[in-house]
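Take a look at this one; I'll ask things after.
The values are calculated or read from the model by the stated rules, or taken from the named source; none is laboratory data. Everything numeric in this text was worked out from a predicted model, so none of it was measured. Positions of Cβ are backbone-derived with ideal geometry, glycine not excepted, and every protein chain shown enters the neighbour counts.
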Amino acid sequence: MHLSDLIYDGGNLGNIHCAVVIPALNPIPGVVDMIRSLLQCGIPRIIVVNDGSDASFQDTFERIAQLERCVVLTHDVNQGKGRALKTAFRYFMDHCPDLDGVVTADADGQHSVEDICTIGRRLSSAKGSILLGVRNFRNENVPLRSHLGNSVTGWLFRLLYGSRIHDTQTGLRGIPAKELAWMADLKGERFEYELNMLIQARRCQLDFTLIPIKTMYFDHNAGSHYSTVKDSTRILRILLAGFVHFPASAVGLLIMDWFCFFLLNRFAFAGFAPAGRIFASTAVARGISFLFNFAVNKKRIFSPRGNRTDEAARYYIVCFFQMMASAGLVYTVSLFWQVDASVIKIIVDFILYVISYQVQLRWVFRGSDAAGGL
């Protein structure tokens, strides 16, 4: 990829009513020309964050600051891409109330002016949606670490959060203005912030609109400040941390449910026939834990938004079939395995819990349909 690829000569594209945010740490040559091209295309505001760049880049940032409709915000020391984005988001909320949102772009040569403007044009009509410029990682010029990293995180994101995004680390995103408040307070200081953004957006039941963009790497991606080991570790931790609350919630449910089942099975319904005792104990125990678990799952795991009544109804249906499956399997297994039914129930409910997570993710707390695109 050549520097000329960063410059778009297609003229003013019109209908762009958003700001472009560019976090920059020792930006590549040509970033000033790229910004000039964005301004020529009609971008009304460009916010550049100098995230602790070397002193040798001071002239570059001064040239940017002198451009009309540009502002340069400065971190005295490097604080990370996530922090730079949040600094820009807060500036936008304070100084750009009339714009529809922001388009984030990188300063390392990975995004063309044409693609940035495409995201910007579509942002004004993207209600309740995050626009993601996604790259084709099958191209020959894609570094192996980028291909493998995005393949793994994309697969895990779909498994754990129910949305198919094969470019989870794309820095080219269109974000509506109304979503910036919570994004400015979101955890994450470096590259893991962008993945944390997607996880929280999924919990907020926002759509992801996938828009194909050019796959560009300037000087074999030498301008990237991504640390393969450190940043990949942070990203994996963030990816799994968003999922860890469900096992905790499930364990709490299982403990409460199992303890109630044990007492009911041993004492309250001890005089019932085996089948009746197991089914009755299961029904009452699950009824006790139902409301608590629903509240925890909705608030901390899946989605604090959404219609509580509809979700509660779907959750009740899932719990009913899960309860029937639990009771039926415990009873059936107990006919062939002569151990205490409480032991069998632990094994059965663990298997059902794994299935339940996927059902709750994709149906109970589904919100809008998953990612769409062109």
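Kindly indicate whether R308 is crowded, with 18+ Cβ neighbours inside 10 Å and modelled with pLDDT under 85. Break it down into steps so the answer makes sense when it comes.
Working: crowded, with 18+ Cβ neighbours inside 10 Å: no; modelled with pLDDT under 85: yes.
So R308 fails the test.
Hey, can you tell me all the residues within the stretch 314-336 that are exposed (fewer than 13 other Cβ atoms within 10 Å of the Cβ) and under 18 Å from N265 (Cα atoms)?
Correct list: T332, L335.
Do you know which residues across the stretch 337-358 are over 34 Å from the mean Cα position of the chain (by Cα), closer than 15 Å to L254 by Cα and either surrounded by fewer than 18 Cβ atoms within 10 Å (Cβ to Cβ) or among the hydroxyl-bearing types (S, T, Y) (or both)?
S342, V343
Conditions tested, residue by residue: (1) out of contact with any helix residue (DSSP H, G or I) (no Cβ under 7 Å at 6 or more places or on another chain); (2) buried (at least 21 other Cβ atoms within 10 Å of the Cβ); (3) assigned to a loop (DSSP other than H, G, I, E, B).
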residue: I35; (1), (2), (3): no, yes, no
residue: S56; (1), (2), (3): yes, no, no
residue: E62; (1), (2), (3): yes, no, no
residue: N78; (1), (2), (3): yes, no, yes
residue: A84; (1), (2), (3): yes, yes, no
residue: G120; (1), (2), (3): yes, yes, no
residue: S125; (1), (2), (3): yes, no, yes
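In addition: Report yes if D94 is charged (D, E, K, R), crowded, with 16+ Cβ neighbours inside 10 Å and free of Cβ contacts under 8 Å to residues at least 60 places away in the same chain, otherwise no.
On the way: charged (D, E, K, R): yes; crowded, with 16+ Cβ neighbours inside 10 Å: no; free of Cβ contacts under 8 Å to residues at least 60 places away in the same chain: yes.
The answer is no for D94.
Exactly one of (1) buried (at least 20 other Cβ atoms within 10 Å of the Cβ); (2) at pLDDT below 85 is unmet by E179. Its number?
Single failed check for E179: (2).
So, in the stretch 112-122, exactly how many residues are under 21 Å from the mean Cα position of the chain (by Cα) and not β-branched (V, I, T)?
Selection size over the stretch 112-122: 2.
Would you mind telling me which numbered condition in (1) among the aromatic types (F, W, Y); (2) touching a Gly at 6+ places or on another chain (Cβ under 9 Å); (3) at pLDDT 90 or above F272 fails?
Evaluating F272 over (1) among the aromatic types (F, W, Y); (2) touching a Gly at 6+ places or on another chain (Cβ under 9 Å); (3) at pLDDT 90 or above leaves (2) as the failure.
Filter the stretch 269-285 down to the residues that are part of a helix (DSSP H, G or I) and either over 15 Å from S326 (Cβ atoms) or not assigned by TED's automatic domain parsing to the domain that holds T332 (or both) and list them by number.
Here is the first cut: in the stretch 269-285, the residues part of a helix (DSSP H, G or I) are 274-285.
Listed by number, the residues that qualify are P274, G276.
Quick one: which of L148, L156, L123 is under 30 Å from D100 (Cα atoms), in the same structural domain as G171 (by TED's automatic domain parsing), among the hydrophobic types (A, V, I, L, M, F, W, C) and modelled with pLDDT of 65 or more? Talk me through it step by step, then tell me what you get.
On the way: L148 fails: under 30 Å from D100 (Cα atoms); L156 fails: under 30 Å from D100 (Cα atoms).
Matching residue, one of L148, L156, L123: L123.
Kindly evaluate V20 against the criterion of being under 17 Å from R173 (Cα atoms) and either modelled with pLDDT of 90 or more or more than 31 Å from the chain's Cα centre (by Cα) (or both).
yes
Further question: On the given criteria, is V31 of a type outside the set (K, R) and without any contact (Cβ under 8 Å) to a residue 60 or more places away in the chain?
Details: of a type outside the set (K, R): yes; without any contact (Cβ under 8 Å) to a residue 60 or more places away in the chain: no.
Criteria not met by V31.
Matching residues to (1) touching a strand residue (DSSP E or B) at 6+ places or on another chain (Cβ under 7 Å); (2) of a type outside the set (V, I, T); (3) assigned by TED's automatic domain parsing to the domain that holds I211:
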{"site": "P27", "(1), (2), (3)": "no, yes, yes"}
{"site": "G30", "(1), (2), (3)": "no, yes, yes"}
{"site": "C41", "(1), (2), (3)": "no, yes, yes"}
{"site": "I47", "(1), (2), (3)": "yes, no, yes"}
{"site": "D54", "(1), (2), (3)": "no, yes, yes"}
{"site": "L73", "(1), (2), (3)": "yes, yes, yes"}
{"site": "Q79", "(1), (2), (3)": "yes, yes, yes"}
{"site": "A107", "(1), (2), (3)": "yes, yes, yes"}
{"site": "V113", "(1), (2), (3)": "no, no, yes"}
